[in-house]
Structures are given as structure tokens and as C-alpha cells.
Amino acid sequence: MYDNDELIEKVILFCVDLDNGEDVEVNLDELEELVKTAGAVVVGRMVQKKENIEKGTYLGSGKTEELRDMVIELGATGVVCDDELSPIQLKNLEEIVNTKIMDRTMVILDIFASRANTREGKIQVELAQLKYRSSRLIGMRSSLSRLGGGIGTRGPGEKKLEIDRRIIRDRIAQLQRELDDVKQHREVMRKQRMVGNLPIVSIVGYTNAGKSTLLNKLTDAGVLEEDKLFATLDPTSRNYKLNNGQEIILTDTVGFIRKLPHHLINAFRSTLEEAKYADIIIHVVDISNPQADNHILTVYETLEGLGVVNKPVITAFNKIDKVEEFPIIKDFKADIVINIAAKKEIGFNELSDAIATTINNCRNYIEKTISYADAGLLNRIRKYGTILEEDYREDGIFVRAYVEKDFNI
Ligand SMILES: Nc1nc2c(ncn2[C@@H]2O[C@H](COP(=O)(O)OP(=O)(O)OP(=O)(O)O)[C@@H](O)[C@H]2O)c(=O)[nH]1
Ligand SMILES: [Mg+2]
């Protein structure tokens with residue numbers, strides 16, 4: 001008989017509090033959410049107030065031993081650090097604490113591994129995992145041999161990760177080639193979308209903000225929405241008609257998080273960069289989360305890191321149904337701020353108007369009488385712009401319309 005208890009990983013979370021203004025308990029709350037999403041339970045926490053992080057062991061020596069005792073006392077099967085551990089820290093901690101050592105990056109990689117559905121997603125996760133592990137082979141040799149089923153260990157297709165450097169290098173090269181193929185395919189799809197010349201509106205935001213819910217409620221896209229971190233990994237695009245009749249393309253994509261591992265950012269660059277091809281960004285913020293203002297900062301930092309800058313931003317404060325009064329949060333980077341409750345379809349008219357206004361701000365307003373001989377121009381305006389009025393008069397067709405700034409008349 002299997003004892004179910006044995007199969008569930010029980011972990012202790014730990015981190016150093018550098019007293020730099022960060023609320024470490026809040027950080028550990030988020031780590032706990034990540035760990036739960038990865039399928040483990042948290043049995044304890046340990047925080048060490050310290051001026052700097054110990055190069056060799058992360059924690060100070062006394063605390064490292066305390067952690068070892070805690071593991072025994074609480075029957076933990078592993079420990080998870082809120083910061084990314086260096087190979088040497090991993091190795092030393094493992095020797096002293098004598099259990100599986102994991103860090104935030106491993107947990108996030110593990111969640112991504114279990115979420116990846118498409119070929120592109122799977123390749124990207126495996127690449128990120130291999131790159132992370134190959135740089136930690138020395139430190140993780142014994143840790144790897146401890147692998148059971150649990151967080152920090154899941155590989156794409158449950159495949160065992162080879163620990164030989166050369167094999168890993170070959171595999172990385174092969175995956176990179178496959179990814180390039182997939183990327184080209186994505187590029188073709190993206191171009192096809194652009195040919196239609198419809199404005200592309202990208203939904204971005206912190207993980208669990210409600211991005212997929214918004215896309216689903218607006219377009220019946222059928223994207224998985226869940227009260228878990230990183231429910232969405234693969235971008236989904238759908239056509240959507242604004243109240244004024246203008247058609248747009250809405251894209252939902254992977255959420256951001258504080259300290260998103262750079263291996264993941266590199267591997268997921270093409271997915272994360274989806275917003276780079278957008279004309280407009282909708283920034284969804286979970287206003288009911290006490291950390292909403294920090295989430296806003298993280299999202300802007302991540303966007304900047306990805307080179308997504310100088311785009312019009314509509315910030316949608318979401319989940320207003322969950323708050324009694326509106327918290328005083330400002331988003332100075334947004335061009336327009338609105339309140340919505342995606343789940344309840346509240347604020348959708350305002351959102352539609354905000355998108356229409358933003359599109360029109362990127363366009364020129366024209367009033368012109370087009371001669372009947374020049375019907376081709378009218379067709380072009382119809383295709384690439386938005387006609388507000390069209391009047392067939394004696395001297396030609398009078399139009400009032402919005403056209404792209406670089407549209408030649
Ligand atoms: N109360 C309330 N819950 C909401 C609202 N919008 C979304 N949610 C819930 O928030 C959770 C996360 O929603 P998702 O749409 O999956 O969030 P996401 O931003 O796509 O998250 P990731 O894909 O993980 O980055 C789900 O449980 C939704 O039902 C809302 O307006 N009000
Ligand atoms: Mg989602």
C-alpha cells in the first residue's frame with residue numbers, strides 16, 4: 001500500500017531579510033503560492049535578518065544548522081529558498097541541511113514544465129531547465145540523484161534529465177534549432193495577422209491578475225483561467241469588435257512575476273515579446289491584491305527589460321467586485337486608467353471606449369471629398385481606417401474618417 005503522505009513534498013521556506021525595505025513575509029507568501037501551485041505543502045518558514053548573504057552557504061552557519069533541525073522536527077522533505085542559489089550554495093547547504101535544496105527559480109521552472117502544452121512551450125521549458133541545471137551540475141550532482149517525484153524535479157515528458165555536460169550541451173543545441181523552427185512558424189502567423197492591418201492589443205499583467213478571464217469574457221476564447229499562478233503559458237489571439245464597430249486583435253499571454261528567472265525570460269523571449277508587436281497594451285492589475293502597487297512596478301520593469309517601451313497603455317484595475325473601497329493606487333505610466341471586474345463583465349463599455357480612444361489617438365482625423373473617379377482611395381480608407389461619415393454628393397464622396405498617421409492621401 002502506498003502512503004499518500006509520502007508522495008507529497010513537504011517543504012520549509014527560507015530567506016534572508018536584508019532589511020532593505022522589502023517585506024520578506026509577503027515575499028514568502030508569494031513563494032508559498034508558487035510551491036502550492038507546484039503541488040507541495042509548506043510546513044514551516046525561516047527568516048534570517050542579516051546584512052549580507054553568505055557567499056558559501058546563503059544563510060549564516062548557526063541558522064543553517066537550525067534549518068537542519070527544523071527539517072527533522074517538521075518531517076520536511078525539502079527546503080526552498082526565495083532567492084536563486086548559486087551552485088556552491090546549493091552544494092554546501094545540501095551537505096549541512098541534508099535534504100533536497102530548491103530555490104524559487106526551480107519551483108517556477110517546475111510549474112512551467114507542468115503547464116506547457118504546445119510544442120513551443122515544452123521546448124522553451126526544457127531549454128530553460130537544462131540551462132539552469134547545466135550551470136549547477138557541480139552543486140547538484142547529489143541533489144539530482146535524490147530526485148523523486150516532486151517539485152523542482154518535473155521534466156517535460158517526465159524525461160530524466162541527463163547530468164552529463166556534453167549530452168546537455170548537445171540537447172540544448174538541438175532544442176535551440178527546434179525552437180528556431182517554431183519561432184519562424186510564429187513569425188509567419190504574426191505577419192498574417194498584421195496583413196489584416198487590424199490594431200493588435202496585448203493583454204499583459206502580473207500572474208493571476210485576470211488576463212485570461214478578460215480575454216474569455218470578451219471573446220469566448222476558452223483559455224484556461226484558474227486561481228493559480230502561471231495558468232497561461234501560450235499566447236492566444238482572438239478577434240474582437242469594439243462598440244464603435246472597429247475590429248481589433250486581442251492577445252493574452254504569460255503573466256509576469258517578481259524575480260522571473262532570467263533563464264526563463266531568455267527561453268520564453270519569443271512568447272514574452274508578444275507585447276512588442278502590439279499597438280496598444282492593456283495592463284491588467286488585480287486591485288484586490290494588497291501588493292498591487294508592487295505588481296505594477298514589476299510589470300513595467302519586465303516590459304522594459306523586454307524592450308516593450310513607448311506603447312500606449314490602458315491600465316485596467318480588475319476585480320473591483322472584491323474590494324469594498326477603491327485602494328489609492330496610481331499608475332502614472334498609463335495613458336488611461338479604468339476599473340473593471342472581468343469575471344462579472346463590469347466596465348467592458350469603458351474598456352471598449354478606452355481602446356477606441358487610444359486607437360484614434362494614434363491616428364489622424366481627415367475630412368475630404370473624394371472624386372467619384374478616385375474610388376480606390378475610399379476603399380483604402382475603408383480597409384485601413386475607420387469611416388465616421390460617408391456622404392455621396394454631387395461633387396464626390398464626402399468622408400470623415402480616422403486613418404493611420406502614415407497613411408498617404
Ligand atoms: N472576483 C474576481 N475574480 C476574478 C476577476 N477576474 C479574474 N478573476 C479570478 O482570478 C483568477 C485568475 O484569473 P486568470 O484569468 O486565470 O488570471 P491570469 O492573469 O490569466 O493568470 P496567469 O495566466 O496565471 O498569468 C481566476 O480564479 C479568476 O476567476 C474579477 O473580476 N473578479
Ligand atoms: Mg492566464
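Residue count for segment 264-292 satisfying the condition of being more than 17 Å from Gly307 (Cα to Cα), out of contact with any His (no Cβ under 8 Å at 6 or more places or on another chain) and open to solvent by less than 40 Å² (accessible area, probe 1.4 Å): 4. Could you tell me whether segment 192-213 includes any residue that is within 18 Å of Gln124 (Cβ to Cβ), in contact (Cβ under 8 Å) with a residue 40 or more places away in the chain and among the polar types (S, T, N, Q)? Checked against the condition, which is being within 18 Å of Gln124 (Cβ to Cβ), in contact (Cβ under 8 Å) with a residue 40 or more places away in the chain and among the polar types (S, T, N, Q), segment 192-213 yields at least one hit. Going through segment 95-135 one residue at a time, which ones are charged (D, E, K, R) and open to solvent by 10 Å² or more (accessible area, probe 1.4 Å)? Residues satisfying the conditions are Glu95, Lys100, Arg115, Arg119, Glu120, Lys122, Glu126, Lys131, Arg133.
Annotation: Glu301 fulfils all but one of (1) among the acidic types (Asp, Glu); (2) more than 16 Å from ligand 1 (Cβ to nearest atom); (3) within 19 Å of Asn216 (Cα to Cα); the unmet one is (3).
Among the conditions (1) under 23 Å from Ser114 (Cβ atoms); (2) open to solvent by 50 Å² or more (accessible area, probe 1.4 Å); (3) out of contact with any Ser or Thr (no Cβ under 9 Å at 6 or more places or on another chain), the only one that Leu13 does not satisfy is (2). With respect to the conditions (1) within 12 Å of ligand 1 (Cβ to nearest atom); (2) part of a strand (DSSP E or B); (3) under 30 Å from Arg382 (Cα atoms), Ile249 lacks only one, and its number is (1). Applying a threshold of 7 Å to beta carbon distances and a minimum spacing of six or more residues, or different chains, the list of pairs starting in segment 329-351 at a residue that is within 14 Å of Val299 (Cβ to Cβ) and ending at one that is open to solvent by 20 Å² or more (accessible area, probe 1.4 Å) reads Ile329/Asp293; Asp331/Val337; Lys333/Tyr300.
Please tell me if Leu233 is open to solvent by less than 10 Å² (accessible area, probe 1.4 Å), in the same structural domain as Asn349 (by TED's automatic domain parsing), within 13 Å of ligand 2 (Cβ to nearest atom) and at pLDDT below 85. Judged against the criteria, Leu233 is a match. Of everything listed in (1) surrounded by fewer than 18 Cβ atoms within 10 Å (Cβ to Cβ); (2) among the hydroxyl-bearing types (Ser, Thr, Tyr); (3) within 21 Å of Lys241 (Cβ to Cβ), the single unmet condition for Thr369 is (3). Checked against the criteria, Gly205 counts as within 11 Å of ligand 1 (Cβ to nearest atom) and open to solvent by less than 10 Å² (accessible area, probe 1.4 Å). Within segment 79-115, the set of residues being within 27 Å of the chain's Cα centre (by Cα) and of a type outside the set (A, V, I, L, M, F, W, C) comprises Asp82, Asp83, Glu84, Ser86, Pro87, Asp103, Arg104, Thr105, Asp110, Ser114, Arg115.
Does Arg169 count as open to solvent by 80 Å² or more (accessible area, probe 1.4 Å), at pLDDT below 85 and in a helix (DSSP H, G or I)? Considered against the rule, which asks whether it is open to solvent by 80 Å² or more (accessible area, probe 1.4 Å), at pLDDT below 85 and in a helix (DSSP H, G or I), Arg169 comes out as yes.
Only one entry of Glu178, Glu162 meets the criterion of being assigned to a helix (DSSP H, G or I), among the charged types (D, E, K, R) and either modelled with pLDDT under 90 or more than 16 Å from ligand 2 (Cβ to nearest atom) (or both), and that entry is Glu178. Considering segment 236-246, and only residues there that are among the polar types (S, T, N, Q) and assigned to a loop (DSSP other than H, G, I, E, B), the residue that is least open to solvent (accessible area, probe 1.4 Å) turns out to be Gln246.
Could you tell me whether segment 375-395 includes any residue that is without any contact (Cβ under 8 Å) to a residue 60 or more places away in the chain and aromatic (Phe, Trp, Tyr)? Scanning segment 375-395, I find at least one residue that is without any contact (Cβ under 8 Å) to a residue 60 or more places away in the chain and aromatic (Phe, Trp, Tyr), so the answer is yes.
Within segment 208-225, take every residue that is within 6 Å of ligand 1 (Cβ to nearest atom) and open to solvent by less than 70 Å² (accessible area, probe 1.4 Å) and give me the one that is farthest from Ala354 (Cα to Cα). Here the answer is Asn208. When every residue of segment 296-308 is checked against the conditions, at least one turns out to be within 14 Å of Val201 (Cβ to Cβ) and crowded, with 20+ Cβ neighbours inside 10 Å.
When Glu350 is tested against the conditions (1) surrounded by 12 or more Cβ atoms within 10 Å (Cβ to Cβ); (2) more than 19 Å from Lys241 (Cβ to Cβ), the lone failure is (2).
The values are calculated or read from the model by the stated rules, or taken from the named source; none is laboratory data. As the structure is a prediction and not an experimental result, all values here were calculated from the model. Positions of Cβ are generated from backbone atoms using ideal geometry, with glycine treated the same way; all protein chains shown enter the neighbour counts. Ligands, DNA and RNA are excluded from the accessible area calculation, which covers all protein heavy atoms including side chains. Shrake-Rupley method; radii C 1.70, N 1.55, O 1.52, S 1.80 Å.
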